[in-house]
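S.K.: Provided herewith is a single structure, encoded as structure tokens, for subsequent inquiry.
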Amino acid sequence: MYCDRCGEPGSHQACSAARALEPPRYCTHCRRRMKVQVVPTGWTATCVEHGELRG
């Protein structure tokens with residue numbers, strides 16, 4: 001499993017704190033950089049391999 005903020009293996013305390021305010025940038029399954037779109041009502045992050053996340 002990869003960190004959804006920095007893409008490195010594992011989970012990181014600093015990344016977890018920052019993720020409270022921003023959408024994920026990397027897929028936790030395959031480590032690919034995701035396409036992220038932020039709108040006033042939330043965000044979507046899309047991995048080519050694993051689909052879409054919403055928040």
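The values are calculated or read from the model by the stated rules, or taken from the named source; none is laboratory data. Only a predicted model underlies this, so the values are computations on that prediction, with no experimental measurement involved. Cβ: placed from backbone, ideal geometry, glycine included. Neighbour counts: every protein chain shown.
S.K.: Does any residue of segment 30-43 turn out to be among the polar types (S, T, N, Q), at pLDDT 95 or above and in contact with a Lys or Arg (Cβ under 8 Å, 6 or more places away or on another chain)?
M.R.: No: segment 30-43 contains no residue that is among the polar types (S, T, N, Q), at pLDDT 95 or above and in contact with a Lys or Arg (Cβ under 8 Å, 6 or more places away or on another chain).
S.K.: Within segment 13-21, is there a residue that is at pLDDT 95 or above, surrounded by 11 or more Cβ atoms within 10 Å (Cβ to Cβ) and of a type in the set (D, E, K, R)?
M.R.: From segment 13-21, those at pLDDT 95 or above are none; that's our starting set.
No.
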